[in-house]
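Asks: Here it is, the structure, as structure tokens.
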Amino acid sequence: MTYRFFTPSLARAATGSTAEVYRQLREDFLGPLPTFQALSAAPEILAPAWALMREALLAGGASRVERELVASVVSRANRCRFCVDAHVTLLHALGEHGLAEVIARGDPPPRPRHATLAAWAAGSRSPRASRWSSPYCPEITGTLLAFHFINRVVSALLAPDLLPGGLQRFPAVRTAGGRFYARTVREPKEPGRSLALLDGGAATPPAWAGDSPVGVAYAALREAATDGGELLSEAARHTVAATVSWADGRHPERPAEWATDLVRDLPGRDRVGARIALLAAFAPAAITPGDVALRRLTHPSDADLVRLVAYGAIAATDHVARALDPAHR
């Protein structure tokens, strides 16, 4: 697996909360995957990101097939090829071979329930365009929000191929991978186990989640990732927030030029940080080594890069989440 801007520490060297996250990943999912290893540079973001994905995608009684469908379709809407390939493979692991390949092609699923879910998930990229909301349980809604965040982190920090040469894009390889993971994917997971990893902050769970552990995890991630905005000036944060609101998830045609134009009026010291955060929200794969090198002149740590990417990612994710509250529409 290729990391775009830095290579995280080896999983076996992890300590503290990072080691505990990795232990849960090994027991409940597929091990310390590259997404979470990249986030390990900022443990305060790693823990709630894992908690949200675990409680939404893995735990509880909602259909795992439906949740993997949502994860795959959201990933396609966000143009995260890595995540599309990963979750199409997990649909194979659940025995949904036909559905997996339909999603891989970008076609609508043949079953009405799945087609409705897919259209709902795809529409969440621009929630104001269609007065988007959610009629679904916290686990399905939380899965959608988890992958709006994860897609952006993955596209920013990881190369797009799961396997060398893009082998995962061959149906036979995806099917074989599904067989390998079938047992792990089908095992039930107890809700709430990951919440012990959180710092017990005062963040209020969102109304859409009720009393589900998903809401606790989402609130913790929103709080931790939003704190990354402290790396930017108030003017730069305002630029990011305003753009997320009015652009409503649209994909910029020329992301590099688009982001440069948006930060042009900011003071010089603010421009590269605001540019990275904006690209993390809208077109994370367009963040370049040049952007990161310039940012490292004043913020050299891997942790600060992860925090800045997470800030842009949660700004876009929470724009979607706010559409679930009529007061914020």
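What follows is calculated from the coordinates using simple rules that are stated; it is not laboratory data. Given the structure is predicted, the values throughout are model-derived calculations rather than measurements. With ideal geometry, Cβ positions are generated from the backbone for all residues, glycine too; neighbour counts draw on all protein chains shown.
Asks: Averaged across orientations, what area in nm² does the convex hull of the alpha carbons in region 50-95 project?
Replies: Computed as one quarter of the Cα hull surface, the answer is 3.1 nm².
Asks: So what is the 222 nm mean residue ellipticity for the chain from helices alone, if each DSSP H run of at least 4 adds -39500 (n - 2.57) and you divide by all residues, rounding to the nearest 500 deg cm²/dmol?
Replies: Rounded to the nearest 500, the figure is -19000 deg cm²/dmol.
Asks: Identify unpaired cysteines across the chain, taking unpaired to mean no other cysteine Cβ lies under 4.7 Å from the residue's Cβ.
Replies: So far as the 4.7 Å Cβ criterion goes, CYS137 stand without a partner in the chain.
Asks: In 10 Å bins starting at zero, report the fraction of Cα pairs in the chain per bin as a rounded %.
Replies: 6, 28, 37, 23, 5, 0
Asks: Computed over the Cα atoms of region 280-319, what is the ratio Rg over Rh, Rh following Kirkwood?
Replies: Result: Rg/Rh = 1.00.
Asks: With +1 assigned to the C-beta of every Lys and Arg and -1 to the C-beta of every Asp and Glu, and no other charges, what is the dipole magnitude of the chain about the Cα centre in debye, to the nearest 20?
Replies: 760
Asks: How large are Rg and Dmax for region 9-70 when calculated on the C-alpha trace, in angstrom?
Replies: 12.1, 36
Asks: Just to be sure I follow: if Rg is taken over the C-alpha atoms of region 227-323 and Rh is the Kirkwood radius over the same atoms, what is Rg/Rh?
Replies: 0.93
Asks: If you don't mind, another one. Taking a temperature of 10 °C and a viscosity of 1.306 mPa s, what whole-number D in µm²/s does Stokes-Einstein yield for region 119-162 with Rh from Kirkwood over alpha carbon pairs?
Replies: D, rounded to a whole number, is 136 µm²/s.
Asks: Continuing with the same structure: How much net charge surrounds LEU221 when only the other residues with a Cβ under 12 Å from the Cβ of LEU221 are counted, with Lys and Arg +1 and Asp and Glu -1?
Replies: -4
Asks: If you average the alpha carbon positions of region 1-44 and of region 244-297, how far apart do those two centres end up, in angstrom?
Replies: Centre-to-centre (Cα) distance: 27 Å.
Asks: Moving on. Which Cα, out of GLY106, LEU278, SER301, lies furthest along the positive dipole direction of the chain (beta carbon charges, K/R +1, D/E -1)?
Replies: The Cα lying farthest towards the positive end belongs to GLY106.
Asks: Given H placed on each backbone N at 1.01 Å, which residues far from ARG4 in sequence or on other chains put an amide H within less than 5 Å of it?
Replies: LEU158, ALA159
Asks: Can you find, among ALA71, GLY229, PHE6, the residue farthest towards the positive end of the dipole of the chain? Put +1 on the C-beta of Lys and Arg, -1 on that of Asp and Glu.
Replies: ALA71
Asks: Is the C-alpha gyration tensor of region 254-308 telling us rounded, prolate or oblate? Criteria: a/c under 1.5 is rounded; beyond that, a/b larger than b/c is prolate, otherwise oblate.
Replies: oblate
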